[in-house]
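To start, the structure itself, in structure tokens.
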Amino acid sequence: VAVAISGFFATKLGALGFEDADALAPLAFALVATTVVIHGFTVTKVAEKLGLVSSEKPGVLIVGASKWTAALAKALQELNIPVLVADRSWRRLKPFRLQETPTYYGEILSEAAEHRVDLDRFGYIVAATENDAYNALICTDFGPEFGRNNVFQLGRTDDGGDDPRALPPTIGGRMLFQSGASYYNLERRIRDGWVFTRTKLSAEYTFEDYLETRAEGAELLTDIKADGTLTFSTIAARPKGKPGDILLSFAPEKAGTEESERRKAEKRERRSDTDKQADA
């Protein structure tokens, strides 16, 4: 507005005989550029001084109460990551209340939720209901607020193929897991005894070691950085963990643990043999 008005008045003042009128527009441009640069470098510090910047780790908003989301919420809470589970069923939210997971009872897309849920606490959203269309609606609605790269949903039960009535693949969020596991697939795995496991990476135990030693069938869900940021594994991309990161995976409980430990032991033995040969 300032630049537009100054350009208009510069023309009028020049016509009236003011010699310095031509300098008005460049001065307005310089003023705008200077203020933008100053604000750009100082706004974060000023916001921190005023207490307007959250110091908490970015949390995860989970939409849909199920056995799988209950296990996911508990695993995230154990890693000190803020979690909120929203569902329209009071009965489905009972297990979450029992495990002391924060919940929101109601429609997350409603006007009431806008006033009652502090979305600034969350950096990611996981739409995990049994309704693929509703999951897509959640991600589409919250996409502009959370960022398109931070809205996720479970794999669709039916990709639609050539069905013109199916949901377009461009609508919705990013599909969790490289396998694109659906709601019913994950619920079946939970009933079969699958659990969430944590793996801490280090200089001695790298991401490549994790891939070699993880249990058969185990799927990486997210890579948790030291600062609390999360990088989720999707159909399109998989995070590459670095030393100091924590990997959260979904894997079979007993068989997975035994197989993982066996592979880790073999890895340590091979590394020990290599070190001995190097010393020799």
Are any residues in segment 203-239 open to solvent by 40 Å² or more (accessible area, probe 1.4 Å) and closer than 17 Å to N150 by Cα, and if so, which ones? K225, D227, T229, T231, I235, A236, A237, R238
I'd like the full set of residues that are of a type outside the set (A, V, I, L, M, F, W, C), within 21 Å of A73 (Cβ to Cβ) and in contact with a Pro (Cβ under 7 Å, 6 or more places away or on another chain), limited to segment 167-205. G193
Every residue in segment 214-244 that is among the polar types (S, T, N, Q), part of a loop (DSSP other than H, G, I, E, B) and either without any contact (Cβ under 8 Å) to a residue 12 or more places away in the chain or within 17 Å of L72 (Cβ to Cβ) (or both), please. S233
Kindly indicate whether any position in segment 46-59 is touching a Lys or Arg at 6+ places or on another chain (Cβ under 7 Å), more than 28 Å from G193 (Cβ to Cβ) and not small (G, A, S). yes
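Here are some residues: T69, T11, T35, T42. Which one is hydroxyl-bearing (S, T, Y), part of a helix (DSSP H, G or I) and open to solvent by 80 Å² or more (accessible area, probe 1.4 Å)?
It is T11.
The values are calculated or read from the model by the stated rules, or taken from the named source; none is laboratory data. Computed from a prediction, not measured in an experiment: that's the story for all the values here. Because the Cβ atoms are built from the backbone with ideal geometry, glycine has one as well, and the counts that use them run over all protein chains shown. Please note that ligands, DNA and RNA were not included when accessible areas were found on the heavy atoms of the full protein model with its side chains. Shrake-Rupley method; radii C 1.70, N 1.55, O 1.52, S 1.80 Å.
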